[in-house]
1. Here's a check for you: in region 193-228, which residue that is part of a helix (DSSP H, G or I) and aliphatic (A, V, I, L, M) is farthest from V365 (Cα to Cα)?
2. As an exercise: evaluate G369 against (1) more than 16 Å from the ligand (Cβ to nearest atom); (2) more than 24 Å from L219 (Cα to Cα); (3) among the small types (G, A, S) and give the number of the one condition it does not meet.
3. Of the residues in region 174-185, how many are among the hydrophobic types (A, V, I, L, M, F, W, C) and out of contact with any Leu (no Cβ under 7 Å at 6 or more places or on another chain)?
4. Working carefully through the options L318, L292, L280, find the one that is in a helix (DSSP H, G or I), of a type in the set (A, V, I, L, M, F, W, C) and buried (at least 17 other Cβ atoms within 10 Å of the Cβ).
5. If I ask for residues that are modelled with pLDDT under 90 and closer than 18 Å to L389 by Cα, which ones from region 4-42 would you list?
6. Give G175, G188 a once-over and let me know the one that is near the ligand (Cβ under 9 Å from one of its atoms), surrounded by 14 or more Cβ atoms within 10 Å (Cβ to Cβ) and not in a loop (DSSP other than H, G, I, E, B).
7. Does L279 meet the test of being farther than 15 Å from V365 by Cα, in contact with a strand residue (DSSP E or B) (Cβ under 8 Å, 6 or more places away or on another chain) and at pLDDT 95 or above?
8. Mind checking which residues of region 130-146 are charged (D, E, K, R) and surrounded by fewer than 20 Cβ atoms within 10 Å (Cβ to Cβ)?
Amino acid sequence: MLYLLLEDFRAGEMVISMRIAVIGGGASGMMAAITAARAGARVVLFEKNDRMGKKILVTGNGKCNLSNLSFSDSCFHSKEKEKAWKIASRFTPRDTIPFFEGLGLMMKDKNGYLYPACEQASAVLDVLRYEVQARGIEVRYGAAVEQIQPLGEKGFALTVNGHAERFERVIVACGGQASPKTGSDGSGYRLMKALNIKMVRPVPALVQLRCQEKGFQALAGIRCDAALTLLIDGQEAARERGELQMTDYGISGIPVFQFSRYAAYALEKGRRIQVRIDLLPELFAEQIPDWLKQRMERLKGRSAEEFLTGTVHKKWILYFLKEMGIKPNGEADNIPLSRWIDLIERFKSFTVTVTDTNSFQNAQVCAGGVSLRQVDENLESTQYKGLFLAGELLDVDGRCGGYNLQWAWCSGYLAGTYAARERKKDSV
Ligand SMILES: Cc1cc2nc3c(=O)[nH]c(=O)nc-3n(C[C@H](O)[C@H](O)[C@H](O)COP(=O)(O)OP(=O)(O)OC[C@H]3O[C@@H](n4cnc5c(N)ncnc54)[C@H](O)[C@@H]3O)c2cc1C
């Protein structure tokens, strides 16, 4: 009788529907649960919080940058870069769009960056939640999975609140440990370690960098366009251009976030990290003398501060004048061309020394996680058949710009699809 109740007819063939547990109700977990349920599995989703998708609500400053049409291998980082790209290419933004359109979400494209048209991250979460409900997925809240016990052919026993329950397949989608207040507190890493699954050491990524230099209080609050070069032991390691944000302890903003992962790993190895900041990227070094001569000609009789006004943010002007011992209200005409050249060169190569990154609390994602060597291209564990992994738990981190959620959708989709795939004599 029980077997009859579990029967399901697909394509004229009688199959017994699979019982799958999904651990974690974030972006990747909800995607995995929906995909597995659509494929006919009976899905139970365990979420330790009292609601799903808390992190989705804070993405993109509450607007949720859910993917990006500009899509290439350079958007994803991993120790196994080639494999990461192979996997990421199996469910691309071109698949994300119809998936969300199918859930009723209208989207807008801002230079390739995809957002919900209503610019509310809650809309992305809601359409996922409604589909979870519509697909009959059983969601258990306040359910932190404490242990995954492999039972060989019989699947896995999950321990939740001291109570063990058996499932044929398990999808682990617990996230990493970035922004732990949203629920991803590293418990997924602990579950993996208990199973002897190998990890690439997680570090904070898409995060601010703390600097050694004093006097940053005077610069805090500046937001300006800049070209940044990351130097590791004096060697150029990465370049970024975009809006730099100055804080009282260091540097922030998207260009800083983009290379923070490299800085984090290099700092761990005790290497010297610097960032060279060009505040006037449009002005080429060889143009500086002529440009200054013309400026001195046109702006005769001005004070030093007035002479520089209109070049960079006022706080930078006062900072550099002080550094060079030039009085802001002193006459600009009395300052020789060579000193002005020196000052403009400082605008173009302000170099700061990085002492640390901010912590996981402030990081948007984790770099590192479960090594991709531990899974096949369907995201099934190579060690434990029937165990699938998805999302940020894996050693894949994307650039800022919608790529981390794209990875969550992609990996959730693959894990859900292949976890639900039948294997003969494999059902309860
Ligand atoms: C401030 C901020 C802004 C961001 N903005 C963007 C953006 O605009 N675009 C973008 O692409 N990415 C963005 N990201 C990154 C993106 O949100 C994450 O990469 C993505 O949400 C990860 O999804 P996930 O499903 O792997 O993990 P998570 O979303 O972290 O979900 C994991 C879930 O598992 C639950 N859980 C953990 N352990 C257990 C357990 N043992 N038992 C049961 N449940 C458990 C957690 O409570 C959580 O709900 C941002 C991140 C932050 C912090």
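1. Checking each candidate, the answer is A218.
2. Against the list (1) more than 16 Å from the ligand (Cβ to nearest atom); (2) more than 24 Å from L219 (Cα to Cα); (3) among the small types (G, A, S), G369 comes up short only on (1).
3. Selection size over region 174-185: 1.
4. After ruling out the rest, the residue left standing is L292.
5. Correct list: M18 only.
6. G188
7. Yes, satisfied.
8. R135, E138, R140, E146
The values are calculated or read from the model by the stated rules, or taken from the named source; none is laboratory data. Keep in mind that this is a model prediction, so the values were computed, not measured. For neighbour counting, all protein chains shown are included, and Cβ atoms are generated from backbone atoms with ideal geometry for every residue, glycine included.
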